[in-house]
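The values are calculated or read from the model by the stated rules, or taken from the named source; none is laboratory data. From a predicted model like this one, the values you see are computed outputs, not experimental measurements. With ideal geometry, Cβ positions are generated from the backbone for all residues, glycine too; neighbour counts draw on all protein chains shown. Surface areas here come from the heavy atoms of the whole protein model, side chains and all, with no ligands, DNA or RNA. Shrake-Rupley method; radii C 1.70, N 1.55, O 1.52, S 1.80 Å.
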Amino acid sequence: MLRYLTAGESHGPELTVIVEGMPSRVPIQKEKIDEQLRRRQQGYGRGRRMQIETDTVEVTSGIRFGETLGSPITMRVVNRDFKNWIEKMSVWGNPPENLKEVTRPRPGHADLAGGLKYDHEDLRNILERASARNTTTVVAAGALVRQLLELFKIEITAHVVEIGGVVAKPDTLDFQQLIDAADRSPVRTADQVAEAKMIAKIDEAKERGDTVGGIFEIIVRGCPPGLGSHVHNDRKLDAQLAGALMGIQAIKGVEIGLGFEAARRFGSQVHDAIVYQAPRYLRPSNGAGGIEGGMTTGQDIVIRVAMKPISTLYKPLASVDMKTKEVELAAVERSDHCAVPAASVVGENVAAFVIADAFLRKFSGDSLREIQAQVAAYQSMVEKR
């Protein structure tokens, strides 16, 4: 029902995304897309590239007078830094004589495997597309479709719960308070005590020419019960969320609800009891993280995502020059010391796209009015059960 295709290189002219499957008559605000792009660029530990770019979206198809048409939506984000890379990233002609090829792959990056797979000795042909700069287009796609979700009161946020071994223990906050606290924090955590320690850990990594990773939590509120399906593995919503989030650069783990902790407990300490308060079924706990049998329960969807440290180290590890086969230090590209806060924003918007797709599969229609009618009919049916 809903899909996107992205294109572009980190230092190329622009990044492009085409979103297909958005119903017609959905009101869209450019400012909301730009706001998500701005949030992606923030966060303590980011590198110099974010001081160059000011990402804003240009829509070139699929929207007229602020409403979707039902046709594919094309969005582009210009790379301001391209002016410094015109010769090195030229589409046509021969490489310049002074071109410095990247031949020393970075451990932990796509460099070596990609170079072997696509038969490139100059690893810039790999790293430009593998770069997390390309999450810009993913965020734009998520920021677009979450405007559909907002019409049905589905909200999404994310906050950082760990950086470099420093674990946040935020006070009990309601959903809006959590959003506000994370947005105020330079590391997007709701725990001010942990915030200072996280910043110190990032500073330590910077001083050592090193990097740190961490964990962020995504919360989706307002989904009706029944998104996703149990009938085929690839239709299970938790499988789709995990797969999409693992597709973000540097992500190494995803857990939903209790996640791995569920493996350490008795079943009576894991599963959520069911009660009925007219007109709906409720759960006093949420160990399942809002998904049972691959389908939403109506509770908050709670996802935690683990991000490894960024692969580029300013004190690089040992590598091998692919041309000479001599032992060398790995290449150094301009990079971040910690990108966990930014990754949490990317994760929000990746999750938004998966949820929007599941929502449209459940309540299919070519126009917003059709979908609204289907949602109303389903809600009425569910309340009668």
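Some observations on this one:
- Ala288 meets each of the listed conditions (1) within 28 Å of Ser185 (Cβ to Cβ); (2) part of a loop (DSSP other than H, G, I, E, B); (3) modelled with pLDDT of 95 or more; (4) of a type in the set (Gly, Ala, Ser) apart from (1).
- Search result, residues across segment 166-178 that are open to solvent by less than 60 Å² (accessible area, probe 1.4 Å) and under 21 Å from the mean Cα position of the chain (by Cα): Ala168, Phe175, Leu178
- Residues in segment 323-335 that are aliphatic (A, V, I, L, M), surrounded by fewer than 16 Cβ atoms within 10 Å (Cβ to Cβ) and under 30 Å from the mean Cα position of the chain (by Cα): Val332 only.
- Positions within segment 293-326 being in contact with a strand residue (DSSP E or B) (Cβ under 8 Å, 6 or more places away or on another chain) and among the hydroxyl-bearing types (Ser, Thr, Tyr), in sequence order: Thr296, Thr297, Ser319
- Ser319 in a strand (DSSP E or B), farther than 30 Å from Pro27 by Cα and not β-branched (Val, Ile, Thr): yes
- Residues that are in contact (Cβ under 8 Å) with a residue 60 or more places away in the chain, among the acidic types (Asp, Glu) and surrounded by 19 or more Cβ atoms within 10 Å (Cβ to Cβ) do not occur anywhere in segment 27-47.
- With respect to (1) touching a residue at least 12 places away in the same chain (Cβ under 8 Å); (2) surrounded by fewer than 16 Cβ atoms within 10 Å (Cβ to Cβ); (3) under 30 Å from the mean Cα position of the chain (by Cα), the lone exception for Val320 is condition (3).
Each row is one residue, and each column tells you yes or no for (1) under 19 Å from Ile251 (Cα atoms); (2) under 27 Å from the mean Cα position of the chain (by Cα).
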| site | (1), (2) |
| --- | --- |
| Arg76 | no, yes |
| Lys83 | no, no |
| Gly93 | no, no |
| Arg104 | no, no |
| Gly114 | yes, yes |
| Ile126 | yes, yes |
| Gly142 | yes, yes |
| Phe152 | no, yes |
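- The residues of segment 61-116 that are loosely packed, with under 15 Cβ neighbours inside 10 Å, touching a Ser or Thr at 6+ places or on another chain (Cβ under 9 Å) and basic (Lys, Arg) amount to a single one, Arg80.
- When the criteria are applied in full, Val161 fails the requirement of being part of a loop (DSSP other than H, G, I, E, B) and of a type in the set (A, V, I, L, M).
- First in segment 98-126 and touching a residue at least 12 places away in the same chain (Cβ under 8 Å) and at positive phi, second anywhere and among the basic types (Lys, Arg) and open to solvent by 50 Å² or more (accessible area, probe 1.4 Å), Cβ under 9 Å, 6 or more apart: Gly108/Lys308
- Some residue of segment 49-58 being open to solvent by 20 Å² or more (accessible area, probe 1.4 Å), outside any loop (DSSP other than H, G, I, E, B) and farther than 30 Å from Ala205 by Cβ: yes
- Residues satisfying the stated conditions in segment 9-41, i.e. of a type outside the set (A, V, I, L, M, F, W, C), more than 17 Å from the chain's Cα centre (by Cα), more than 27 Å from Trp85 (Cα to Cα) and not in a strand (DSSP E or B): Gly21, Pro23, Arg25, Gln29, Lys30, Glu31
- Qualifying residue in segment 254-274 (condition: within 15 Å of the chain's Cα centre (by Cα) and of a type outside the set (Ser, Thr, Tyr)): yes
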